[in-house]
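The values are calculated or read from the model by the stated rules, or taken from the named source; none is laboratory data. On a predicted model such as this, the values are computed, not experimentally measured, just so you know. Backbone-built Cβ (ideal geometry, glycine too); neighbour counts: all protein chains shown.
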Amino acid sequence: MSGTETVRWLPYHEGIMELLDDFTERHYRYSGQEVNLLARVLKRFAIPTGHFDEVAARWNRLIAERGESDDPYGVVEDLLTQKAEAEKKATEKVEEAAKPLFPPYLDQGSTGAAVNVLALLLKSGCYGDHDAIVLDGVYGPLIAEAVKDFQEGWSFEGADVDGNFGPKTRTAWKEANRIDVDELTVGMFTMPTVGKGPADADEEREEVAS
């Protein structure tokens, strides 16, 4: 590696340079080339100086897995690949969470979380035989009858009273109940729940008082 390349890879502030010097002292078996490659990783990951030890630990693990590496570029590629895969998974998770919970159309035979939400809405609105509706994620006859009850109450007529939760019924539901199911996303129903008990509430009051 030429000196020019090294300079181009290390346009960092003094803090990074000091950390690299410290890394060289603590991990003396690595050559200057390997340290410079680690610096490239730091730059690529945009890692704050406070996280340097974490990167060094990952670097050490990869070196240990590969043995005394004569291919530092390969180690860097491993790190970059790990980072790219983690970023991809994170992006996929965000995209999945942003998807609408309700599909455009629900009818008998539909299944899933959206059916349970609809069942809860129908039970809370006392539509149909609401007490008999169970939350099993299946759009069955009881849910269909409850939807028909809503449709009839909202002046649907003829073929429109079909017991299906389609676009027209969704619009009517929004107008009648001020609940827009199209605003519900998958992520709203997959995030972990953190409950607070009386003890937690007491601790918060003590903190506020102090």
Original post:
All but one of (1) touching a residue at least 12 places away in the same chain (Cβ under 8 Å); (2) in contact with a helix residue (DSSP H, G or I) (Cβ under 6 Å, 6 or more places away or on another chain); (3) of a type outside the set (Ser, Thr, Tyr) hold for Phe156; which doesn't?
Top reply: (2)
**OP:** Looking only at segment 168-176, decide whether some residue is on the phi < 0 side of the Ramachandran plot and touching a residue at least 40 places away in the same chain (Cβ under 8 Å).
**Re:** yes
Subject >> From the options Gly195, Gly137, Gly187, residue that is under 30 Å from Lys93 (Cα atoms) and modelled with pLDDT of 95 or more >> reply: Gly137
Subject >> Selection status of Ala119, out of contact with any Asp or Glu (no Cβ under 7 Å at 6 or more places or on another chain) and under 22 Å from Thr185 (Cα atoms) >> reply: yes
Original post:
Do any residues in segment 120-149 that are surrounded by fewer than 16 Cβ atoms within 10 Å (Cβ to Cβ) have Cβ atoms under 6 Å from those of residues that are assigned to a strand (DSSP E or B), where the two are at least six apart or on different chains, and which pairs are they?
Top reply: Gly137/Thr111
Subject >> Selection status of Lys93, farther than 26 Å from Ala176 by Cβ, modelled with pLDDT of 90 or more and in a helix (DSSP H, G or I) >> reply: yes
